[in-house]
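Encoded as structure tokens, the structure appears first; notes follow it.
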Amino acid sequence: MPFARLLIAACLVLITAWMPPAHSETTTQRAMPETMAMLRYAIATQTVEGKDQVPAFAQYLAGKLESAGFAKSDIEIIPVEHTAALVVHYRGSDKNLKPILLSAHMDVVAANPADWQRDPFKLIEENGYLYGRGVADMKTNVIAIIETMMRFKREHYVPKRSMILVFSGDEETDMASTRELAKRYHDAEFLLNADAGGGTLSAQGKPVVYEIQAAEKTYADFKLTVTSAGGHSSEPDVPKNAIYRLARALDRVAAYQFPVQHSEITLASLKATGEHNTGPIAQAMRAFAANPNDAKAAAVLSADPAYVGQIRTTCVATMLDGGHALNALPQRADANVNCRIFPGTHIASIQATLTKAIDDPSVKITVRPPPPVESPASPLRKDVVDAVSAVVHQRYPGLDIVPGMSAGASDSMYFRNAGVPSYGVDPTFSKPNDTFAHGLNEKLLASNVPWALDFWQALLTKLSQ
Ligand SMILES: [Zn+2]
């Protein structure tokens, strides 16, 4: 999630059409005490790696759903290694329609209480913010979706299209439960992921833009290895020196620039960000969106580390290791090169490009395990974009709704890889770099909770009818 808003983080232009939240007072307010009680329980359940609390948390959520009227047979907890996935079926009336998948993750990143200002595993509300590990990433949405399902069930809502909750239990680490879910549930119309996309507020708290995440760059690590016979350092054999050869290879990687690429998603995203900002970068965004062959605009964007990834595959050295003694010639030197690959480009072609750029057959280039997962960009479906826009505009009329490509990977990666178009539609609005997701003192504006209930109910009603 922290990468999802990278592109729009620079937006600071205010939307004049600011309106206070207009949620349906009665049902949402009635749902709030139950929602907050579940969120309190969720934050207190330490679903971090190593504590094996995800199965118990999934069991708790299953119990809540059953109490609202879900049949036991419609709820499944799939144990996967030390964690678990939760699957919930909300049956639609038309069996010929493929289901909508709803994705979220129940695990959180580790948090050391000694380093936090407040107990990370206690939900605390202070000055309009909720604090606790997982309030932003992403237990608020987990609970808001569960509460929405409970409300639907209690109101005897019958959708035309089935909905299936596919909640993973190790998104932040191995994603083994995600792989299991994608293996079982890929025959779907599309997937909505609550862990990506979302709204950006200005520093003053005014809404700036809402992003629907429709693509993710592919993550891959390449290992560069150089070996040599070694020997006594008093007898240096400079041309064969493994460290020198690796250094030369890395220098060539640094100098190489992958070709400029674009998609309907990145062009729309750059156009909107450009229109919300002023200055040379914003001008280059607008120029590139209008004409992706504009080399000058591409050069300006490529020079900015925050935006180069939106128009190219990027590869960068991240780790280095070599030699075995201060007074010996190195027998081995290796480095890690981390790549963020433009959707649609294959790993093999990136490896071939690196091999050509390095141009030294003595440098061995291998893909580090686990094997990278290629995930194509999802086509911008009109029904999804229209429904999300309508719901967001109920709260913020006229707000720009923009598709986005994020630099990091979410559960959507495995579903897109399995052929399911996937859309990141996190309802929450935050200021840039304000939630500290994955970091210390994670927080979320408390006003997001009733809004998330409104959002999920309205969106899922629209899309399942
Ligand atoms: Zn997340």
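Quick check on my filter: what residues within segment 122-140 are more than 16 Å from the ligand (Cβ to nearest atom), farther than 15 Å from Trp451 by Cα and under 23 Å from the mean Cα position of the chain (by Cα)?
Tyr131
Take Ser447 and tell me if it is touching a residue at least 60 places away in the same chain (Cβ under 8 Å), of a type in the set (Gly, Ala, Ser) and crowded, with 24+ Cβ neighbours inside 10 Å. Write out each step before concluding.
Details: touching a residue at least 60 places away in the same chain (Cβ under 8 Å): yes; of a type in the set (Gly, Ala, Ser): yes; crowded, with 24+ Cβ neighbours inside 10 Å: no.
In short, no.
Check Arg161, Arg151 and return the single one that is more than 14 Å from the ligand (Cβ to nearest atom), surrounded by fewer than 24 Cβ atoms within 10 Å (Cβ to Cβ) and in a helix (DSSP H, G or I). Reasoning before the result, please.
Working: Arg161 fails: in a helix (DSSP H, G or I).
Arg151 is the lone residue from the list that is more than 14 Å from the ligand (Cβ to nearest atom), surrounded by fewer than 24 Cβ atoms within 10 Å (Cβ to Cβ) and in a helix (DSSP H, G or I).
From Gly424, Gly419, Gly439, which residue is within 14 Å of the ligand (Cβ to nearest atom), modelled with pLDDT of 95 or more and either of a type in the set (Gly, Ala, Ser) or farther than 27 Å from Leu380 by Cβ (or both)? Break it down into steps so the answer makes sense when it comes.
Numbers: Gly419 fails: within 14 Å of the ligand (Cβ to nearest atom); Gly439 fails: modelled with pLDDT of 95 or more.
Result: Gly424 is the single residue among Gly424, Gly419, Gly439 that is within 14 Å of the ligand (Cβ to nearest atom), modelled with pLDDT of 95 or more and either of a type in the set (Gly, Ala, Ser) or farther than 27 Å from Leu380 by Cβ (or both).
Among the candidates Asp411, Asp400, which residue alone is in contact with a His (Cβ under 8 Å, 6 or more places away or on another chain), open to solvent by 50 Å² or more (accessible area, probe 1.4 Å), in contact (Cβ under 8 Å) with a residue 40 or more places away in the chain and not hydroxyl-bearing (Ser, Thr, Tyr)? Spell out how you get there, then give the answer.
Values: Asp411 fails: open to solvent by 50 Å² or more (accessible area, probe 1.4 Å).
Within the list Asp411, Asp400, the selection yields Asp400.
Taking the residues in segment 79-106 that are open to solvent by 10 Å² or more (accessible area, probe 1.4 Å) and within 22 Å of Ser412 (Cβ to Cβ) as candidates, determine which candidate is farthest from the ligand (Cβ to nearest atom).
Initially, segment 79-106 is screened for residues open to solvent by 10 Å² or more (accessible area, probe 1.4 Å), giving 79-83, 89, 91, 93-99.
Among the residues that remain, those that are also within 22 Å of Ser412 (Cβ to Cβ) are: 80-81, 83, 89, 97-99.
Details: Val80: 17, Glu81: 19, Thr83: 14, His89: 24, Leu97: 29, Lys98: 26, Pro99: 23 Å.
The selected residue is Leu97.
Hey, which of the strands (runs of 3 or more DSSP E) in segment 191-268, taking only ones fully inside, have at least 3 residues that are crowded, with 16+ Cβ neighbours inside 10 Å, touching a helix residue (DSSP H, G or I) at 6+ places or on another chain (Cβ under 7 Å) and of a type outside the set (Phe, Trp, Tyr)? I'd like the intermediate steps shown before the answer.
Details: elements: 198-201, 207-216, 218-227.
Passing ranges, in order: 207-216, 218-227.
Quick one: would you say Val109 is in a strand (DSSP E or B) and in contact with an Asp or Glu (Cβ under 9 Å, 6 or more places away or on another chain)? Steps first, answer last, please.
Values: in a strand (DSSP E or B): no; in contact with an Asp or Glu (Cβ under 9 Å, 6 or more places away or on another chain): yes.
No.
So Thr278 fits all but one of (1) under 23 Å from Ala335 (Cβ atoms); (2) modelled with pLDDT under 95; what number is the exception?
Evaluating Thr278 over (1) under 23 Å from Ala335 (Cβ atoms); (2) modelled with pLDDT under 95 leaves (1) as the failure.
Looking at Arg381, Arg368, can you tell me which residue is within 30 Å of Arg248 (Cα to Cα), touching a residue at least 12 places away in the same chain (Cβ under 8 Å) and not acidic (Asp, Glu)? Quick ask: steps written out before the conclusion?
Values: Arg381 fails: within 30 Å of Arg248 (Cα to Cα).
Going through Arg381, Arg368 in turn, the sole match is Arg368.
Which pairs do you get when a residue that is without any contact (Cβ under 8 Å) to a residue 40 or more places away in the chain, found in segment 101-115, comes within reach of a residue that is open to solvent by 20 Å² or more (accessible area, probe 1.4 Å), reach meaning Cβ atoms under 7 angstrom, with the pair 6+ apart or on two chains?
Note: pairs meeting the criteria are Pro113/Asp119.
Please specify each residue of segment 332-351 satisfying the condition of being buried (at least 16 other Cβ atoms within 10 Å of the Cβ) and not in a strand (DSSP E or B). Show your work before the answer.
We begin by selecting, within segment 332-351, every residue buried (at least 16 other Cβ atoms within 10 Å of the Cβ); these are 332-335, 337, 339-343, 345, 347, 350-351.
The answer is Phe342, Pro343, Thr345, Ile347, Ile350, Gln351.
Considering only residues that are over 15 Å from the mean Cα position of the chain (by Cα) and farther than 13 Å from His82 by Cα, look in segment 164-179 and name the one that is farthest from the ligand (Cβ to nearest atom).
Ranking the candidates gives Ile164 first.
The values are calculated or read from the model by the stated rules, or taken from the named source; none is laboratory data. Owing to the predicted nature of the structure, the values given are computational and were not obtained by experimental measurement. Note: ideal-geometry Cβ built from the backbone for every residue, glycine included; neighbour counts use all protein chains shown. Keep in mind that these areas ignore ligands, DNA and RNA; they rest on the heavy atoms of the full protein, side chains included. Shrake-Rupley method; radii C 1.70, N 1.55, O 1.52, S 1.80 Å.
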